[in-house]
1. Restricting the search to segment 107-136, which residues are within 23 Å of residue 190 (Cβ to Cβ) and hydrophobic (A, V, I, L, M, F, W, C)?
2. Taking the condition over 22 Å from the mean Cα position of the chain (by Cα), at pLDDT 95 or above and among the charged types (D, E, K, R), does residue 328 pass?
3. List the pairs whose first member sits in segment 385-413 and is closer than 15 Å to residue 362 by Cβ and in contact (Cβ under 8 Å) with a residue 24 or more places away in the chain, whose second member is among the β-branched types (Val, Ile, Thr) and part of a strand (DSSP E or B), and whose Cβ atoms are under 6 Å apart, counting only residues at least 6 apart or on separate chains?
4. Would you check if there is a residue in segment 41-64 being modelled with pLDDT of 95 or more, within 30 Å of residue 381 (Cα to Cα), basic (Lys, Arg) and touching a Leu at 6+ places or on another chain (Cβ under 9 Å)?
5. Please return the ranges of strands (runs of 3 or more DSSP E) entirely within segment 372-424 where 2 or more residues are over 26 Å from residue 53 (Cα atoms) and at pLDDT 95 or above.
6. Among the numbered criteria (1) over 27 Å from residue 406 (Cα atoms); (2) surrounded by 18 or more Cβ atoms within 10 Å (Cβ to Cβ), which one does residue 123 miss?
7. Looking only at segment 188-205, how many residues end up being at pLDDT below 95, crowded, with 22+ Cβ neighbours inside 10 Å and either assigned to a strand (DSSP E or B) or in contact with a Lys or Arg (Cβ under 6 Å, 6 or more places away or on another chain) (or both)?
8. Among the residues of segment 206-254, count how many are surrounded by fewer than 18 Cβ atoms within 10 Å (Cβ to Cβ), within 17 Å of residue 280 (Cα to Cα) and polar (S, T, N, Q).
Amino acid sequence: MTVVDALIVKCNRLRIGFATALIIFTATFAPSASAAPQEKVLHRFSGGGDGSVPFGNLLFDPAGNLFGTTAVGGVHNWGVVFELLPQEGGGWTEKVLHSFNLNGTDGIEPQGGLARDVAGNLYGATVGGGDYNCFGNPCGTVFELTPGADGSWKEKILHSFQGSDGDTPVGALIIDAAGNLYGTTAYGGYNNCANEDLGCGTVFELMPEADGSWKEKVLYKFNADDKHGSQPFAGLIFDNAGNLYGTTVYGGTYDEGTVFELLPEAEGRWTEKVLHSFGKTPDDGINSTTSLILDAAGNLYGTNSGGGGAACYNNEFGCGNVFELIPKADGGWMEKVLHTFSIDGPDGFAPYGSLTFDAAGNLYGTTSSGGAYFAGTAFELTPTAGGDWIEKVLHNFGNGNDGGAPYTGLIFDAADHLYGTTGGGGIDNHGTVFELIP
């Protein structure tokens, strides 16, 4: 089975293909990095036991090791969880922590990044696998990886989705202070969904029990009829008050996706509020597949993979944009488009990953296509005194053995270096892990 074939097994259900896989990430804050960086490829995936096609965000542990997932590859060709360890004198060594296997209980095809608790355990989701079938396909799982004293890692399936509680968890998970996990499923829930008979998707919570099991609670089921969005492909974020924020690819007033908030209420109930419906004007973005980030003033930032105006290659509605949502005194939110991507010139287009702030308030992200070699870019957006934002392309992917098609966001280390993954490029187009050095 080729990389493309393996992805299409599940991606057909997501109405996406290899060229537009949708993977979402958490935000990271770090010191400012202003100089044009040099790229260094840390690992080129071979498509064998080391994995292939990393779509999830990377994660650092306190020791400076990097963790991530690949959607396919590994011993059974159903994806892996990997660690990259920096070596004295330079270089990085990859270690596969778990190879997923379609064996009836294990998950397959992790397409989101990982979360880490204070004990060093890793948590993630797989879009397929598990104990249940949803319209002939496995519904997906949430898993935990626990490190052992001997350096091995043990996997435990915390939850197998059944369809009515969710189906196809694409985005990364987040953890609250009590150790509860929160995430989304792109399908399931089985409320009426105007453009998808598999369901509009859900928001869920997993709570650890005293006996070691985990209890799932569905916080919200999306319903296209009420214009409250449908099909959330991205993970969630918390604000300081405990409210959750996320995006949907479809639904809303114009059926082009939404930004939503979930507010906790008495007796464990949650209420959804749509903050913005995409697609109102030609300049507005559409089909957001990204996790959001918050600044200190409570403003939200994200990307849209499409929209923004002029026709763009295979998307007649535009190349995508970067947006900000600003809370108003009356409780509403105002959208501001910070940058609209273009197919012309060095600018990239089709951003699928989340954004990252530095300490100076600059934004960093990636585009999956466009740029000098048409294989995507890493970019920086810098605010000006007049309220505008100026884009700078930090790196053009696709030059020689470089990676290509980055679908993830970027993360910083303490030295202001940026790290990310590409879904293609490298060895036979199996993807890479890269570092951008200022």
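The values are calculated or read from the model by the stated rules, or taken from the named source; none is laboratory data. Only a predicted model underlies this, so the values are computations on that prediction, with no experimental measurement involved. With ideal geometry, Cβ positions are generated from the backbone for all residues, glycine too; neighbour counts draw on all protein chains shown.
1. 108, 125, 127, 134, 135
2. Taking the combined requirement at face value, the residue satisfies it.
3. Short answer, once both residue conditions are applied: 393/377; 409/356; 410/356.
4. For segment 41-64, residues modelled with pLDDT of 95 or more, within 30 Å of residue 381 (Cα to Cα), basic (Lys, Arg) and touching a Leu at 6+ places or on another chain (Cβ under 9 Å): absent.
5. The qualifying strands (runs of 3 or more DSSP E) are 377-383, 389-396.
6. If we test residue 123 against (1) over 27 Å from residue 406 (Cα atoms); (2) surrounded by 18 or more Cβ atoms within 10 Å (Cβ to Cβ), just (1) comes out false.
7. 1
8. 1
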